[in-house]
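Participant: Please find one structure pasted underneath; my questions will follow.
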Amino acid sequence: MSAALQYRVHVSEPIPFSPREKAPKGDTRVFQPIVSTLISGDSDAVLVDPPMTTQQAARVADWIEGSGKRLRHVYITHGHGDHWFGSSVLLERFPDLAVLAPGTIEVMRYHASPEARATIWDKNFPGQIPDSPVVAASPPAGVFELEGNELRIVEVGHTDTDNTTVLHAVDRADSRGRRGVQRLRQYLAESGNGGLQQWTRP
């Protein structure tokens, strides 16, 4: 008998860019909140999209430990650094983790490169982002399990970057599956070179 799945959401608060810049109305310019989702059964859990900084990831690790669940996997939906740089902190706390990122590894490698770290991430958030080697793998057939429930990886092409995925959690106790929807503002900086066309393709 499969365990019923549930999910909880952790929001890492916005952090200011460095050097501190002002937005057009005079407010300090900040990086957006980062949402991490914990999908769990009776005892085990999967974290979707760990946050970016060492401090954010440590808070998420504390949150997971406080849930009483055993973290089995970290799943990364796409390769932007704010969706996975904190994985290395989680691996220190949960050394048996498997980090899964099918289809996104190429984009992850770019964001982990010395050039991208120096010109984007460490420039804007100096001393805050941990060393983050790409240690991800892909599960066979794009499917893995959580306490007898199927977690299926869906490739969706270009969203706010190339090679994006979503994770569909099929709850055997509820065959409709589970999904979360949140209000968003679409990131368009990487939508050239065919990105917009992918959105409109049938």
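Coordinate-derived values only; no laboratory data. Bear in mind the structure is a predicted one, so any value in this text is a computation, not a measurement.
Participant: Cross-link candidates for LYS123: which lysines have Cα within less than 30 Å, leaving aside residues fewer than 8 places away along the same chain?
Facilitator: Reachable lysines: LYS22, LYS25.
Participant: Could you please state, rounded to a whole Å, how far the C-alpha centre of region 23-84 is from the C-alpha centre of region 120-148?
Facilitator: Cα centroid of region 23-84 versus Cα centroid of region 120-148: 11 Å apart.
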